[in-house]
Each structure stands twice: as C-alpha cells, then as structure tokens.
1. Starting from 0.36 nm per residue, how many nanometres of slack lie between residue 47 and residue 135 once their C-alpha separation is accounted for?
2. Where in region 167-184 does the amide nitrogen come within less than 11 Å of the point 7 Å from the Cα of residue 100, taken along Cα to Cβ?
3. Taking 1 over the mean of 1/r across every pair of different Cα atoms in region 84-183, what Kirkwood radius in Å do you get?
4. Which FRET efficiency value, to the nearest 0.05, is calculated for residue 57 and residue 176 with the Förster distance at 35 angstrom and r the Cβ-Cβ distance?
5. For the pair residue 118 and residue 87, what calculated FRET efficiency results from E = 1/(1 + (r/R0)^6), where r is the Cβ-Cβ distance and R0 = 22 Å, to the nearest 0.05?
C-alpha cells in the first residue's frame, strides 16, 4: 500500500463533494440580540413620551400664569377664618328713601381678628356714633337697594364705613343678623 491516501480527505457522500458541517455559533447567539433590540425599542419609546410631555407642558405654561395661581371663585374658596364678633350695636330702625317709605330694621355683628384686644373696646366706645352712621346709611337707601340680591354690596359698604370711622382698619367682616324691609 504505497498509496498515500489521507483518511481525512475521503468522502463517502454520493455526490462526490464533501458537505461542510454547520458551524456552531460561539457566544450568546441571536437570543440576546432580540432582547437587546426589544429593550432599545422600549427605551426609545420612553424617551419619546417624556419629550412629548415636556414640550406639551412648556407650551401650555408659556401662555401666562400657571393654572394653580388663578383666583378661585367664592364658591370654591377655603373657609373664612374665625373672627370674634361684637354684637353690642343695638337694632336700628329707620325709614327708607322711597316715595312711599318702608321700614328698615337692621341688626349687625362686627367681625374682628381674635387676637385684637383694642378693637372691641373702640367699637363699644364708639357705639353711639356707629348706630348713628348706620341709621343715616340705611335711611339713604331705597327698599330695592336693601333687597337680598344686594346684601353683599351692603355688607362691603358698611365694612368700609366702619373702618373709616375707627383708628385703624380692624373690621374684617360685617354680618346682618337681621335685615328686614317692611312696607308701612
């Protein structure tokens, strides 16, 4: 046997040509590539969403004040603070300024800060002046001006007049315990 035949070059395939065995991939393989692709897409989606939200918020706020700083209507305001009320001003009775006068009967309570110690003393000292001011104020009004739809305006006017009479603006609220307008 003098033929030099290499055993490795021999092929027993019928086609005469050797088929190469498939090479095995070394490393993580295509599974890890899929996972990385999914993570990349998810990360890109999150970045896109955050960018859209930031741009939208900036556009919304660039037009003016923030939504939280807008004033609320009276119906949605927080509750009013608790005041000390002075009720020493007696009931006032006067005739209205109509062609056919009506009787106006008014009893008020004056609200001041709870910590204010000088306020009640000054209100009591000026009680005759306050009664006179209130009588003259309500005598200048007509029955229509003393209606329930104008009660807020009346309270504000009385509050301003009271604070104008006192040494400092200590009246915080005026309440009508009684505001009756009766035809004579």
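Rule-based calculations on the coordinates, nothing more; no lab input. Because the structure is a prediction, the values reported are computed rather than measured. Here the Cβ is made from the backbone with ideal geometry for all residues, glycine too, and neighbour counts use every protein chain on show.
1. Values: separation 88, 0.36 × 88 = 31.68 nm, distance 7.11 nm.
Here the answer is 24.6 nm.
2. Answer for this model: 183-184.
3. Details: mean 1/r = 0.0727 Å⁻¹.
In region 84-183 this quantity evaluates to 13.8 Å.
4. Details: r = 47 Å, r/R0 = 1.34.
That gives a FRET efficiency of 0.15.
5. Numbers: r = 18 Å, r/R0 = 0.81.
With R0 = 22 Å, the Cβ-Cβ based efficiency is 0.80.
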